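These notes are about the structure you will find just below.
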Amino acid sequence: GNLTIMSGPNDPQISPDGKLFPYWISARAIGSCPPFDPHNCAFSDTDYTFVSHVDRFTPAEEIGAVRSYRDPSWVGNDRLLAFNYGLLVKEGALLTVGAGEAGLHQWFDPPQGVIQLGQGRMTRQGDKIATLAGDESFGPAQRMLFFYGVPGPYPAVPELKCYIAQGVAPSGKFIMPSWSPDGTELAVTESDGIHIFGNIPDLRAPAPDCTQIT
């Protein structure tokens, strides 16, 4: 139809049981065009999260697509953590796989003064979330790395407990966080390669010692 894929498929993430993977795209639709003046058409860009079987083509309607959210990652085998860019709703959300937009549950926002969260990952234990954070409302990299404690199952709201203010030069940004299986270390890419943050404290504690992170 009138959709143009501007980005994607992006960031496929295989489910823990190996059966599914989500990905996201950015699509541009033509809103209107003045007669005989195609250079002044109006466009709208929308992110979509899809879920596919790993072994066959999967139409969007089979498992259900969700508009306006991207950066999906797994929370168990039946839910996704995903993020909104640019709408006046909570940026972090949980998506129930197979429920489409009816399974969207808005969850948490960045602190005041921080424009965007993205690329979030939850530990397998469900007790911590790492996200990128900063000023970029587009693009995957951000200048801060946030560590949230997850006090309990949804709707308990994740609490920001520790952060790394900036990556190494020249970009000063982070991208592609990934937890170790036991949830005690976080790998993330910076300008000079992959860094590992270890000794991450119990982020469910009232006042964890963030200075112990190495």
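The values are calculated or read from the model by the stated rules, or taken from the named source; none is laboratory data. As the structure is a computational prediction, the values presented were derived from the model and not from experiment. Here the Cβ positions follow ideal geometry from the backbone for every residue, glycine too, while neighbour counts run over all protein chains shown. What goes into the accessible areas is simple: the full protein's heavy atoms, side chains included, and nothing from ligands, DNA or RNA. Shrake-Rupley method; radii C 1.70, N 1.55, O 1.52, S 1.80 Å.
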Q) At a 1.4 Å probe radius, carbon and sulfur cover how many percent of the accessible area of the chain? A) 55 percent
(Q) At a threshold of 8 angstrom on Cα-Cα distance, excluding pairs fewer than six apart, so keeping six or more, what relative contact order does the stretch 112-214 reach in percent? (A) 22 percent
Q) If V168, V51 are ordered by their accessible area, calculated over protein heavy atoms with a 1.4 Å probe, which sequence runs from highest to lowest? A) V168, V51
Q: Set the Förster distance to 22 Å, then compute FRET efficiency between N77 and T189 from the Cβ-Cβ distance, nearest 0.05.
A: 0.25
Q) If you build a Gaussian network model of the chain, linking Cα atoms that sit under 10 Å apart, which residue out of D182, D71, D135 swings the most? A) D182
Q) With the chain treated as a Gaussian network of Cα nodes joined by springs under 10 Å, which of I194, I14, I25 yields the largest mean-square fluctuation? A) I194
Q | Nearest-0.05 FRET efficiency for C33 and V168, computed from C-beta distance (R0 41 Å) | A | 0.35
Q: Treat every Asp and Glu Cβ in the chain as -1 and every Lys and Arg Cβ as +1, leave all other atoms uncharged, and give the resulting dipole magnitude about the Cα centre to the nearest 20 debye.
A: 100 debye
Q | Charged-residue dipole, Cβ positions (Lys, Arg, Asp, Glu), the stretch 141-203 about Cα centre, Debye nearest 20 | A | 240 debye
Q: Return the FRET efficiency for the residue pair T46, R204: r is the Cβ-Cβ distance, R0 is 35 Å, and the value is rounded to the nearest 0.05.
A: 0.45
Q. Using the Cα gyration tensor of the stretch 1-155, with a ≥ b ≥ c the square roots of its eigenvalues, what is the shape: rounded (a/c below 1.5), prolate (a/b larger than b/c) or oblate (neither)?
A. oblate
Q: Specify whether the C-alpha gyration tensor of the stretch 85-214 places it in the rounded, prolate or oblate class, a ≥ b ≥ c being the square roots of the eigenvalues: rounded for a/c under 1.5, otherwise prolate if a/b is larger than b/c and oblate if not.
A: oblate
Q) Under a straight-distance cross-link criterion of Cα-Cα below 23 Å, which lysines are reachable from K128, leaving out those fewer than 8 residues away in the same chain? A) K90, K161, K173
Q. In a GNM of the chain with a 10 Å cut-off on Cα contacts, which of I175, I30, I200 has the highest mean-square fluctuation?
A. I30
